[in-house]
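Worksheet: the structure to be examined is printed underneath.
The values are calculated or read from the model by the stated rules, or taken from the named source; none is laboratory data. The structure displayed is predicted, hence computed values, not measured ones. Heads up, the Cβs are rebuilt from the backbone with ideal geometry, glycines too, and the neighbour counts pull from every protein chain shown. Heavy atoms of the whole protein, side chains included, go into the accessibility calculation; ligands, DNA and RNA do not. Shrake-Rupley method; radii C 1.70, N 1.55, O 1.52, S 1.80 Å.
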Amino acid sequence: MKKIIALTLALMLTVCCLAGCGGGEANENTLTMATNAEFPPFEYLEGEEIVGADVDIANAIAEKLGKTLEITNIDFDAALTGAATGKYDVAIAGVTATDERRQNMGFTDDYYTASQAIIVTADSAIKSAADLTGKTVSCQEGTTGEQYLLDNGYSVQSFKTGAEAISALTAGKVDAVVIDDAVARALSSKQEGKTVVLDEALTEEAYAIVTKLGNDELIAEINGALAELKAEGKLAEIFEKYELPYDAE
Ligand code: GLN
């Protein structure tokens with residue numbers, strides 16, 4: 001009899017664990033993270049592996065929470081929706097915490113300051129934002145860069161990835177790219193001198209981790225971990241590793 005009960009329990013446990021593997025909050029020992037590995041140096045692919053500053057931060061947080069990190073690589077807008085609906089515990093993808101997004105998703109404390117930057121071809125007549133008037137500009141879909149361009153009345157071409165947005169520029173299909181500053185530098189550096197990043201910040205933004213709205217317990221846990229990582233100098237170390245300018249205050 002005891003054996004049967006033990007077996008039944010073991011079976012139930014296995015089923016529960018398997019169900020937990022589907023993502024979301026079901027498995028207490030796993031922190032499920034959605035990202036879009038097209039955003040160097042925050043998240044990008046090195047072969048099959050997803051690496052980058054956000055991945056290092058996520059691993060450090062998971063470790064502090066005593067959880068195993070499980071990363072899913074999907075489109076940026078899907079990562080946001082996935083975290084907002086609770087399909088994934090978090091989205092960590094260089095996500096800017098905006099008032100609009102705060103309406104339907106939870107955010108942790110900020111962990112990085114960023115801005116939108118302009119990429120042009122090396123021989124471009126565009127030297128500043130003022131020269132963008134009447135131009136066609138590419139960007140990544142669903143991002144604050146896209147929002148900036150729409151708000152300012154530019155003719156916009158949106159792509160799934162920043163890499164495609166910059167390909168449109170080098171192919172002469174658009175006049176400029178607007179994307180987050182550090183990513184602009186990373187993407188532009190791969191163009192063998194064909195493109196340059198203008199030294200002008202278009203916006204002031206802060207990256208934070210996305211959760212389901214009202215998931216205050218998880219937000220508090222992550223904020224605790226972030227504060228510790230900051231105090232320990234671990235955040236500064238991670239940003240330095242990826243050559244990301246960081247003001248530790
Ligand atoms: N920071 C920008 C945003 O939140 C871009 C993020 C991204 O493309 N991964 O919209």
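Remarks
- Distant-in-sequence amide H partners of Val174 (H built 1.01 Å from N, under 5 Å): Leu169
- Extension gain, Ala231 to Ala122: 0.36 nm times the residue separation minus the Cα-Cα distance gives 35.2 nm.
- D_trans [Stokes-Einstein, Kirkwood Rh over alpha-carbon pairs] for the chain, 25 °C, 0.890 mPa s, µm² s⁻¹: 127
- A dipole drawn for segment 171-249 from +1 and -1 charges on Cβ atoms has a positive end, and of Val197, Ala231, Ile219 the residue lying farthest that way is Val197.
- Taking the chain as a Gaussian network of alpha-carbon nodes connected by springs under 10 Å, the highest mean-square fluctuation of the residues Thr170, Thr32, Thr211 belongs to Thr170.
- Residue separation of Lys160 and Arg102 scaled by 0.36 nm, minus their Cα-Cα distance, works out to 18.6 nm of gained length.
- Within the listed set Asp54, Asp180, Asp123, the residue fluctuating most in the Gaussian network model of the chain (springs between alpha-carbon atoms under 10 angstrom) is Asp123.
- Net charge dipole size for segment 127-249 [Lys, Arg +1 and Asp, Glu -1 on Cβ; Debye, nearest 20]: 660
- Rounded percent of accessible protein surface that carbon and sulfur make up, the chain, 1.4 Å probe: 51
- Segment 36-97 - accessible surface per residue (Å², probe 1.4 Å): 37
- Whichever lysines have a C-alpha closer than 26 Å to that of Lys190, once near sequence neighbours (fewer than 8 apart) are set aside: Lys127, Lys135, Lys160, Lys173, Lys241
- Computed per residue of the chain from DSSP H runs no shorter than four, each worth -39500 (n - 2.57), the mean residue ellipticity at 222 nm is -11000 deg cm²/dmol.
- Max mean-square fluctuation residue, GNM over the chain, Cα-Cα springs under 10 Å, options Ser155, Ser188, Ser115: Ser155
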